Structures are given as structure tokens and as C-alpha cells.
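S.K.: Attaching a single structure in C-alpha cells format; questions to follow.
Nothing in this text is a laboratory measurement; each read-out follows from the coordinates by a stated rule. Just so it is clear, the model here is predicted, and its values are computed rather than measured. Using ideal geometry, Cβ is built from the backbone for each residue, glycine included, and neighbour counts are taken over all protein chains shown.
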Amino acid sequence: MERTEAATAGPPLQAIADAVRRERTRRDLSLGELARRAGLSKSTLSQLESGAGNPSVETLWALAVALGVPFARLVETPVQAVRVLRSGESAALTAERAPFSSALLAACPPGARRDLHLVTAEPGPAREAHAHIPGTVEHMLVTAGRWLAGPDGAEVELGPGDYACFPADLPHRYAALAPGSAAMLVMEYT
């Protein structure tokens, strides 16, 4: 049986290191305190957060429990920073007794807070947005016109029905490319 690269690849150590550090920082825990809660040595945790460790499943479970997060949050593969769902690309579910359909664009992670905004703009200078608090994500669904939106250097062009999701804890911008541009904007804070 031929082994594939995916089957032989080790764990994504830097992604795990980043996730552990991110979750520890969000909970305002020192290395020593998290190590104590997880039953690990401080040096083991330090190595893991630097990307030099090779954690076992048991170590990661202990950390997940100590951090109060699902195990998957520590081992999930990072997704692309900007995600675009073009109009018509989502699978819609229809109602049996009404002319209604619904397409899930993004599920809310546990403990997240969201603000919903209706944004409108006309062609002209871009709206430059500073980085929001760490972990902020923006979801944009264009309802009219055309937009150029996203993190600086990774903006995407969007039209009616297009959806984009991007990190808003980085500088980002919005520019209307057509008169009467409008969008639903959801700011998600984790």
C-alpha cells in the first residue's frame, strides 16, 4: 500500500503552537499557570509554544481541558485568511410550505459575540479601518452594487450575493465600486 504525503505528515506543530499561545493569552494565563493546570512542566509548555515540541495527544487533551476549549481548537489546520463564497455557490435548503430558502454561510463559534451592520457606500475613497481587538472576524454579504473589501493587500472584489469572511484584527478597507453599494456586515468577536 502506497503511503500518501498526508498520511505520513506529522502534526502541524506551528499551528498547534500558535493555537496554544493564542488560547493561553485570551485567558490571561502565564506559562507557569497553564502548565500547572495541565499537569505539565513549564519548559515542556514553553517548547510547545515555540513550535519546537512534539506534543502527544494526552498533552494536547490536558491543555484543552485546562484552557476550557474543544480539543479541535488546538489542532485544527488554519484556514485561509480570506474566504469567499460567490453567489449561488452555497447549498440552500428550501421550506416545504413557504417560498423561503436558507444557506448557512458561517457557523458561530462557541462563546463568540456578533454585531450586525448594514453598510452603504458610493464610489470614492476607500473606508480605511484600523485593526479591531484580537480575534475579530468580519463577514460581509453584498446586497447591492460592487465592493472591494478585505485586509490590506488581500482585498477581494465582491458583487451582489457574494460573501467574504476575513480577519478584522488587521488593518482592512472597504471601497464601493458602483453607485448604491450596500452590504450586510457581521463583526464577530471571540
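S.K.: Say each of Tyr189 and Asn54 gets a label point 7 Å from the Cα, pointing the same way as Cα to Cβ; how far apart are those two points in nm?
M.R.: Between Tyr189 and Asn54, the simple spin-label model gives 4.3 nm.
S.K.: While we're on this one: Taking the number of other C-beta atoms within 10 Å as the exposure measure, put His139, His130 in order starting with the fewest.
M.R.: Fewest-to-most Cβ neighbours within 10 Å comes out as His130, His139.
S.K.: Also: What are the GluC sites (Glu not before Pro) within the range 13-83 that DSSP puts in a loop, where the Cβ has at most 15 other Cβ atoms within 10 Å?
M.R.: Glu76
S.K.: Across the range 170-187, in residue order, what do the Karplus-derived ³J(HN,Hα) couplings come to in whole Hz, using 6.51 cos²θ - 1.76 cosθ + 1.60 with θ = phi - 60° and x for Gly and Pro?
M.R.: Couplings: 10, x, 8, 8, 9, 9, 6, 9, 9, x, x, 6, 9, 7, 8, 10, 10, 9 Hz.
S.K.: Quick one: if the Förster radius is 35 Å, what FRET efficiency do Asp115 and Gln14 give, using the C-beta to C-beta distance and rounding to 0.05?
M.R.: In this case the efficiency is close to 0.65.
S.K.: For the range 18-67, which trypsin sites (Lys or Arg not before Pro) are in a loop by DSSP, counting at most 15 other Cβ atoms within 10 Å?
M.R.: Qualifying residues, ordered by number: Arg27.
S.K.: For the range 9-90, what is the convex hull (Cα atoms) projected area averaged across all directions, in square nanometres?
M.R.: Its average projected convex-hull area is 6.6 nm².
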